[in-house]
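K.L.:
Mind looking over this structure? Questions follow.
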Amino acid sequence: GQQVMQIPQYQHVQEGEDFTTYCNSSTTLSNIQWYKQRPGGHPVFLIQLVKSGEVKKQKRLTFQFGEAKKNSSLHITATQTTDVGTYFCAGIKGGATNKLIFGTGTLLAVQP
Amino acid sequence: DAMVIQNPRYQVTQFGKPVTLSCSQTLNHNVMYWYQQKSSQAPKLLFHYYDKDFNNEADTPDNFQSRRPNTSFCFLDIRSPGLGDAAMYLCATSRAGGGTDTQYFGPGTRLTVL
């Protein structure tokens, strides 16, 4: 079946350092969404990417969708302690499906 | 202002004792989803409703059932909980689906099976 993998599984950074998580799908995606889940919380939608090669920014966060629409990345510049949590990418294969295929997630720890 | 509400937030049940988890939404969204999330894992889709149409995932055990009596409410019934069913259960909604809609998650119900 379709798989969406993320690396790394876990990243520990000092506050102020940059962070990147990579998302790779075994199949071409129609679009990709990113969610953040704080410890003990629920996933919260961050952004959606639809076009091949698309880049979107939200303050210190930069999201990219690969040209082949099979991979994506999230880069955080100058991490803060509020960035702590697990970042999930979630792909949609296309067609009439309503279903998200969640990636394996990357847990980010930020040391003050 | 809560948009997706789940009750209870914490549920303890005994091995084999049926349990029902509840989800309600104020968004008037067409699609409602139930996910199971175990520690350090991604949410796993169990099933979803598009309006009244029920869509089960192929690998969802028969032990898990769902009901959606109206647009606002959706229930997850676990007929005979096993120790392996202990997890966080997340309800989510989306406006219409079709692959481009944001999913709004509720706070989850953490299920403990003794």
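The values are calculated or read from the model by the stated rules, or taken from the named source; none is laboratory data. Model, not experiment: these values are computed from the prediction. So basically every Cβ, Gly included, is an ideal-geometry build from the backbone, and we count neighbours across all protein chains shown. Just the protein is used for accessible areas: all its heavy atoms, side chains included, with ligands, DNA and RNA removed. Shrake-Rupley method; radii C 1.70, N 1.55, O 1.52, S 1.80 Å.
K.L.:
So which of B:ARG67, B:ARG95, B:ARG110 ends up being over 15 Å from B:LEU21 (Cβ atoms) and either among the basic types (Lys, Arg) or open to solvent by less than 20 Å² (accessible area, probe 1.4 Å) (or both)?
P.N.:
Unique residue meeting the criteria: B:ARG95.
K.L.:
Have a look at A:THR27, A:THR79 and point out the one that is surrounded by 15 or more Cβ atoms within 10 Å (Cβ to Cβ), in a loop (DSSP other than H, G, I, E, B) and either away from every other protein chain (no Cβ under 13 Å) or among the small types (Gly, Ala, Ser) (or both).
P.N.:
One residue alone meets the criteria, A:THR79.
K.L.:
Kindly list, by first and then second residue, each pair from a residue in the stretch A:9-27 that is within 14 Å of A:GLN64 (Cβ to Cβ) to a residue that is open to solvent by 40 Å² or more (accessible area, probe 1.4 Å) and among the hydrophobic types (A, V, I, L, M, F, W, C), limited to pairs with Cβ atoms under 6 Å and residues at least 6 apart or on different chains.
P.N.:
As it stands, the answer is A:TYR22/A:ILE7; A:ASN24/A:MET5, since those pairs meet every condition given.
Rundown of residues vs (1) of a type in the set (Lys, Arg); (2) within 12 Å of another protein chain (Cβ to nearest Cβ); (3) open to solvent by 60 Å² or more (accessible area, probe 1.4 Å), yes/no style:
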site	(1), (2), (3)
B:PRO8	no, no, no
B:GLN11	no, no, no
B:LYS17	yes, no, yes
B:GLN25	no, no, no
B:MET32	no, yes, no
B:TYR50	no, yes, yes
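K.L.:
For A:CYS89, which of the numbered conditions (1) under 15 Å from the mean Cα position of the chain (by Cα); (2) surrounded by fewer than 21 Cβ atoms within 10 Å (Cβ to Cβ); (3) under 24 Å from A:GLU17 (Cβ atoms) fails to hold?
P.N.:
The number of the failed condition is (2).
K.L.:
Continuing with this model, one more query. I'd like to know if the stretch B:73-84 contains one or more residues that are modelled with pLDDT of 95 or more, buried (at least 19 other Cβ atoms within 10 Å of the Cβ) and in contact with a helix residue (DSSP H, G or I) (Cβ under 8 Å, 6 or more places away or on another chain).
P.N.:
Yes, the stretch B:73-84 has at least one match.
K.L.:
Mind counting the residues in the stretch B:10-52 that are farther than 27 Å from A:CYS89 by Cβ and of a type outside the set (A, V, I, L, M, F, W, C)?
P.N.:
Adding up the residues that qualify gives 14.
K.L.:
Oh, and also: Look through the stretch B:52-64, keep the residues that are under 26 Å from A:GLY41 (Cα atoms), open to solvent by 50 Å² or more (accessible area, probe 1.4 Å) and assigned to a loop (DSSP other than H, G, I, E, B), and return whichever of them is modelled with the lowest pLDDT.
P.N.:
B:ASP59
K.L.:
Somewhere in the stretch A:47-60, is a residue under 20 Å from B:HIS48 (Cβ atoms), open to solvent by 70 Å² or more (accessible area, probe 1.4 Å) and either of a type in the set (Phe, Trp, Tyr) or within 11 Å of chain B (Cβ to nearest Cβ) (or both)?
P.N.:
no
K.L.:
Please verify whether A:LYS36 is out of contact with any Lys or Arg (no Cβ under 6 Å at 6 or more places or on another chain), of a type in the set (Lys, Arg) and within 22 Å of B:GLN37 (Cβ to Cβ), treating the condition exactly as stated.
P.N.:
For A:LYS36, the condition - out of contact with any Lys or Arg (no Cβ under 6 Å at 6 or more places or on another chain), of a type in the set (Lys, Arg) and within 22 Å of B:GLN37 (Cβ to Cβ) - is met.
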